[in-house]
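Beneath this line is the structure, given in structure tokens, with notes to follow.
No lab work stands behind these numbers, since they all come straight from the coordinates. These figures come from a predicted structure and were not determined experimentally. So basically every Cβ, Gly included, is an ideal-geometry build from the backbone, and we count neighbours across all protein chains shown.
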Amino acid sequence: MDVYPSRRKIWTSILGFAAFVLIGLIAAGSVIANGVDRRNWLVFAAVGFFAWMLVLAIRELRRPVPLAHLDEEGFECALGRVPWANVSAASVRWHWRARVPSQRLFLELRTPAETPGPETREYLSQSPFGGPVAADGQIDLPLWDSKQRVLADVRRFYAAA
């Protein structure tokens with residue numbers, strides 16, 4: 001079963017990035033009207049950054065790339081393939097990363113030193129919607145649906161969730 005970022009999160013990102021691009025273009029117009037100075041490079045860099053993030057978000061909406069794949073043998077994400085036998089617990093909880101709180105699926109590993117197997121296809125890793133993170137003997141993934149539905153999806157394949 002492939003899981004994808006929620007469409008609501010993608011649309012929220014598209015609208016947010018489009019707003020930042022519009023605000024940046026207004027600021028860039030003001031900079032150009034008042035004379036470009038070397039100190040104004042940040043305005044143009046910000047417009048470029050948010051425009052690129054907007055393009056990535058639209059691309060994800062048009063051609064979605066899965067966050068992960070769940071099946072009877074284990075789960076696979078951009079970090080690699082992990083068998084369910086190496087998962088000791090699965091839970092959804094809040095996590096703060098870079099001053100931004102988000103709910104994520106945490107998969108605690110029995111043997112964290114065991115390197116995940118190689119992934120067999122492309123998965124979403126670094127994107128505006130988050131990606132998998134491996135730290136402190138666990139792998140955490142962004143939620144692809146409500147907390148209850150994510151846990152139900154995991155329980156279909158991993159009974160201890």
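Couple of notes before you dig in:
- Computed from Cα atoms alone, the Kirkwood hydrodynamic radius reported for the range 29-108 is 16.9 Å.
- Directionally averaged projected area (the range 2-62, Cα convex hull): 4.4 nm².
- Label point distance in nm, residue 97-residue 156, each placed 7 Å from Cα along Cα→Cβ: 2.4 nm
- Comparing 67, 22, 124 in a Gaussian network model of the chain where C-alpha atoms under 10 Å apart are linked, the largest mean-square fluctuation is found at 22.
- Computed from backbone phi with θ = phi - 60° and the Karplus coefficients 6.51, -1.76 and 1.60, the 3J(HN,Hα) list for the range 63-78 is 10, x, 10, x, 6, 7, 10, 10, 8, 5, 8, x, 10, 9, 8, 5 Hz; x is used for glycine and proline.
- Take the convex hull of the alpha carbons in the range 57-161; its mean projected area over all directions comes to 6.7 nm².
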